[in-house]
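The block underneath contains the structure these notes are about, expressed in structure tokens.
Please treat every number below as a calculation from the coordinates, not as lab data. From a predicted model like this one, the values you see are computed outputs, not experimental measurements. Neighbour counts run over all protein chains shown; Cβ positions are idealised from the backbone, glycine included.
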Protein chains: 2
Amino acid sequence: MILDKVNNPQDVKTLSIDEMSQLADEMRNFIVKKVNTVSGHCGPNLGIAEATIALHYVFNSPIDKIVFDVSHQCYPHKFLTGRKEGFINPANYHMYTGYTAPEESEHDFFKVGHTSTSVSLATGLAKARDLKGEKGNVIALIGDGSLSGGEALEGLDNAAVLGSNIIIIVNDNDMSIAPNEGGLYKNLKELRDSNGQAECNFFKSLGFDYLYIGEGNNVEKLIEGFKKVKDIDHPIVVHIVTEKGHGLKAATENKEMFHWIMPNTLDENNEIVVSSGTTGEDWNSITKDYISNKINEDKSVVVVNAATPGVFGFDKNYRAQLGKHYVDVGIAEEHAVAFSSGIAKGGAKPILNIMSSFIQRTYDQLSQDLSLNNSPVTLLIWWGGISGADATHLCTFDMAMMGNIPNLIYLAPTNKEEYLAMLDWSVNQTKYSTAIRVPTCGLNSTGVKDTTNYSNEINKFKMVKSGEKIAIIGLGNFYWLAENVAREIKAKLNIDATLINPRFITGIDKEMLDSLKKNHDVVITLEDGELNGGFGEKVASYLGNSDIKVLNYGANKEFTDRVPLDELYKRYRLTPSQIVEDTVKYLKVGV
Amino acid sequence: MILDKVNNPQDVKTLSIDEMSQLADEMRNFIVKKVNTVSGHCGPNLGIAEATIALHYVFNSPIDKIVFDVSHQCYPHKFLTGRKEGFINPANYHMYTGYTAPEESEHDFFKVGHTSTSVSLATGLAKARDLKGEKGNVIALIGDGSLSGGEALEGLDNAAVLGSNIIIIVNDNDMSIAPNEGGLYKNLKELRDSNGQAECNFFKSLGFDYLYIGEGNNVEKLIEGFKKVKDIDHPIVVHIVTEKGHGLKAATENKEMFHWIMPNTLDENNEIVVSSGTTGEDWNSITKDYISNKINEDKSVVVVNAATPGVFGFDKNYRAQLGKHYVDVGIAEEHAVAFSSGIAKGGAKPILNIMSSFIQRTYDQLSQDLSLNNSPVTLLIWWGGISGADATHLCTFDMAMMGNIPNLIYLAPTNKEEYLAMLDWSVNQTKYSTAIRVPTCGLNSTGVKDTTNYSNEINKFKMVKSGEKIAIIGLGNFYWLAENVAREIKAKLNIDATLINPRFITGIDKEMLDSLKKNHDVVITLEDGELNGGFGEKVASYLGNSDIKVLNYGANKEFTDRVPLDELYKRYRLTPSQIVEDTVKYLKVGV
């Protein structure tokens, strides 16, 4: 096995072309085995194996610096930079993060997991090199899907005038996570179709020099091309055409499905395991059903998302069924928000779906384009909550980020009926910019339709159970935790606690909080997100002048990195027994 | 006067070409008088007069919808849509906002003041039109300076594939606020130089149809061009070349200076009033002096900003003096943050200057590119604080937005020496991503050098005066208010209050807060920004389980629109007498 003799980039330089091609195949085999065992990014890593080898053959990392955009495609790089045991030995599958990580290797420069950042980061490295009078190449490796992100486009515009060495490798595999969207992709196609010769060239229009390498899975051609641009004295774009999923038939034939796969997607022959097909109702399915029905009655309803339809279960069939009522804007979250605001102001009804971690890219659009204009958009925020995710994909911050923007109504449903009622209210009303945090707990149903008119209850909490001494306010995902805490309080302290479902993340019910003062010693707030800047602090602030004690529970202000959820819950004292242990200290009458 | 007979867009349609040219001149005269009296955007409005007239002549607003990017250039539009009295009659100069505002007119569709949003918003309007089966043109009018913003580029990429009518008018005056920066501008120049014929065309590369109008201050040519694109069935870019400051010699010769002018910039002959030249020391000047000196001793220091050098006093001479140690990335705030992170990771020392209102555009870059990577960037946040500004340029939200991002250290100095010490510490240290909120109060000096090593005092508050019963925590800008409140408390209640300068926006000093419990009844927090999600709530949350009362003061969660500052202070109960009136209720022993 060639891999046996490759432990660092220097070893790559000793290989023949044939050995390098074999090395690419070996890495691919291990990658497929690993992601089919523990999940992970599949297609992007299979396609980039040859280019990664060629980069390490031609350039001298870490003197020459390679910045991987979003780093969906850094597994081959990890193989070649001392971390192959994380891929070869199943016992070590969890040893390394799925993204570049400077703490793992001197060959990684940034912790990266959001897209479209590499060009700007690399331009900064190049500027530092120039200021310090140092030498070396700076290389950004960016996938075509990431090009449509505003940060990447800003970066390209500025990198083009750097005036010194920077090499932008555009990995064109004609796919984002889902198929690419946007005018730019037509130009990439023109460039592919003309072998890089088309006169109208997006990169040249920005002032870049340009090199086209059509055979991006051919190590020899790549080395030849990279040698041409090594030590270049000005900015250049190297456009390489690769195949997403290269070397795995199932992946090349199902590019979107194989962007990231779950364990056991493939059988021992690398054929796709046919699923039973009967999946039950979940948050995705009830959302899709609601949307389909709503479009039937109102042709102005339109679903928007930014390049991650799989997160919401918007598969190909569903997208086709929605037709012009479905818009994927590509990786362009800022545009997605402003575009939706425009749709709403034009009198139609947009439902924008976005992952909690990625709504972070749109603070100013949420503030200026949306909320300042009170555009009646419905935002569905998915996956929000404390999780064991990688540090780059945490979904802990959306409530603190969105919750303090004026005018925006951010709702936290606690069960199926409440969610559907909030969704329907939001879509039908025309007064507020509205967001709903789609729950992450299992789909739970009360069986009773929620008939609330939320327009009449803005910032009104729901008193589910009136009790005494202790009031528990369980927000959204953590309403179930509030119920568990109440049970524990009853069992251990024999107190019938008050149980409140606040429903609104973005406001507090002053009247209800005042009413608690007369027969409660302690108010507990529970929120599935960062405590700082979040919901509970608003309750603490409002009750700060009263005798009532307020205990806020939520996540610490920290980036966690693949920490198991139960460990985080313990760290944040989010288990019922810990909460009761704290609470008992503040009861006025001993129990 | 032609203006006498123009009250709405219909009236424009009755005019001859000569009358329209005269109308443009008349509007310009009134605009110059107004902005020279009450301040305002000058150059952008002078240059766009003819194009605005031609738009209203050819199109039928509000059926045809015009979206003004950033709306620096909407004054002529306001003249022609029923609001001329806000410009003609000095008594009405404050009647209308300086930006588009739907509450003023059916011809305005969005409240807009941040750049680069028009294409996305217009694409949304067009999509709504198509969903609803309506007719009409949708037009975005965007300046060339705004094109480099990521949101605009995302919008263009997506507008290009809309498949129906959308007209993007690019107002190319070869200037942003300051001179344009970035590779894109080279292409605009190529297009100008070739009369729109250059093969390599940025807009065509994105898939747009394209029309070039070189004479953008010629009503007849504009009308001819706009007629060609009216009712077009696909996306098109109309590239018009205008002169920023057209018709005012002082403005065309001093484009940057005349982007926005202060009262009395011009004398009665429209000549520039020569200022005395001797301006005293202020926050700008001490920052510039610090930077110049620092660069002399460390060649890796570099100043970055995003297209608003005037805010920081970085005039042409200063920029030239800094040379390669100065980078203006253009309107590209996201890139500015990521670029700075790259510079820091490359071992150089970036100082990024940005206005509070515009740092809003970078939440995810602050989180992912910067803080997650602990890149030792120094961010200087300017103008942060409650103000009487227009709703689109409020600087009230930076602390709530940035203050809850993990790892980021956000500092709030209270005087000159503290500011310079924090700045120097931040630039020299290599461990933290750091931001400093440059004070907005007058430059105040203690006369004593601050020798604090802030690395040893992260999140440690400074006890300025130890007292009893009442503790006042005055953050940054509001430290002076804390001093005033302490004086009022002494005068009215004869209590020596404790006075604390917290210094850190992003953390609390638990030890010091605990120490207050033994002899204080009330803790008052004062912050010059939004209360929700801000600093004081963290104090309230931490002390929520104690007997001490906490009163948080700051701005309400709201967009205010040109509300005078003293009115806002009263509304938020931020006057010393109001604060004492509140506080006295919560003292345990009557006084």
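Each copy carries a label point for A:E253 at 7 Å from Cα along the beta-carbon vector; from one copy to the others these points are 7.5 nm apart, nearest first. I want to verify the translational diffusion coefficient of the range B:2-261 in µm²/s; compute it with Stokes-Einstein, Rh as the Kirkwood radius over Cα pairs, at 10 °C and 1.306 mPa s. The estimated diffusion coefficient comes to 88 µm²/s. Relative to the Cα centre, the charge distribution of the range B:149-261, modelled as +1 at Lys and Arg Cβ and -1 at Asp and Glu Cβ, gives a dipole magnitude of about 240 debye.
DSSP assigns beta bridges within chain A; of those with both partners inside it, close to 15 percent run antiparallel. Most simply put, the protein assembly as shown has about 15% antiparallel DSSP beta bridges, counting only bridges with both residues inside it. For the cross-link pairs A:K135/A:K186; B:K84/B:K255; A:K65/B:K204, which exceed 27 Å when the distance is taken from alpha carbon to alpha carbon? From the list (A:K135/A:K186; B:K84/B:K255; A:K65/B:K204), the Cα-Cα distance tops 27 Å for A:K135/A:K186; A:K65/B:K204. Positive-end ranking of B:T37, A:G554, B:A159 along the dipole of the protein assembly as shown, with charges on Cβ about the Cα centre, is headed by A:G554.
Label point of A:H94 set 7 angstrom out along Cα-Cβ; within the range A:21-37, amide nitrogens under 17 Å from it belong to A:34-37.
Here the range B:283-457 carries DSSP beta bridges of which approximately 5% are antiparallel, counting only pairs with both residues inside.
The dipole here belongs to the protein assembly as shown: it is taken about the Cα centre, uses +1 on the Cβ of Lys and Arg and -1 on the Cβ of Asp and Glu, and is about 2400 debye. Averaged over the residues of A:140-148, the number of partner chain Cβ atoms lying within 10 Å of the residue Cβ comes to 1. Given +1 at the Cβ of Lys and Arg, -1 at the Cβ of Asp and Glu and no other charges, the dipole of the range A:2-261 around its Cα centre is 340 debye to the nearest 20. The value of relative contact order for chain B, using C-alpha pairs under 8 Å at least six residues apart, is 10 percent. In angstrom, the C-alpha Rg and Dmax of the range A:135-250 are 13.8, 44.
Partner shielding of A:523-533 amounts to 3, given as the average count of beta-carbon atoms from other chains within 10 Å of each residue beta-carbon.
For the residues of B:109-121, the average number of beta carbons from a partner chain within 10 Å of their own beta carbon is 6.
So if R0 is 30 Å, what FRET efficiency would A:T14 and A:E271 give, r being the distance between their Cβ atoms, rounded to the nearest 0.05?
0.25
By how many degrees, between 0 and 90 and to the nearest 10, does the Cα long axis of helix A:118-131 differ from the longest principal axis of chain A? Tilt of helix A:118-131: around 60 degrees. So for chain A, Kirkwood radius off the Cα pairs, Stokes-Einstein at 25 °C and 0.890 mPa s: how many µm² s⁻¹? Rounded, D is 95 µm²/s. For the range A:462-586, the relative contact order is 26 percent, taking Cα pairs closer than 8 Å that sit 6 or more residues apart in sequence and dividing their mean separation by the residue count.
Each copy carries B:E567; placing its label point 7 Å along the C-beta direction from Cα gives inter-copy distances of 5.5 nm, listed from smallest up. Take the Cα of A:R571, step 7 Å toward its Cβ, do the same at A:S515, and the gap between the two points is 3.8 nm. The calculated FRET efficiency for B:S445 paired with B:R487, based on their beta-carbon distance and R0 = 22 Å, is about 0.65.
Chain A residue nearest the rotation axis toward B, with distance: A:G150, 1 (Cβ to axis, whole Å). Helix B:184-193 axis versus longest C-alpha principal axis of chain B: approximately 20°, rounded to the nearest ten. Normalising the average separation of contacting C-alpha pairs (under 8 angstrom, six or more residues apart) by the number of residues puts the relative contact order of the range A:283-457 at 20 percent.
With respect to chain A, whose longest principal axis is taken over its alpha-carbon atoms, helix A:479-493 is tilted by about 50°. Placing a label point 7 Å from the Cα of B:E199 along the Cα-to-Cβ direction, the distances to the matching points in the other copies come to 0.5 nm, shortest first.
Calculated FRET efficiency, A:I232 to B:N556, Cβ-Cβ distance, R0 = 41 Å: about 0.15 to the nearest 0.05.
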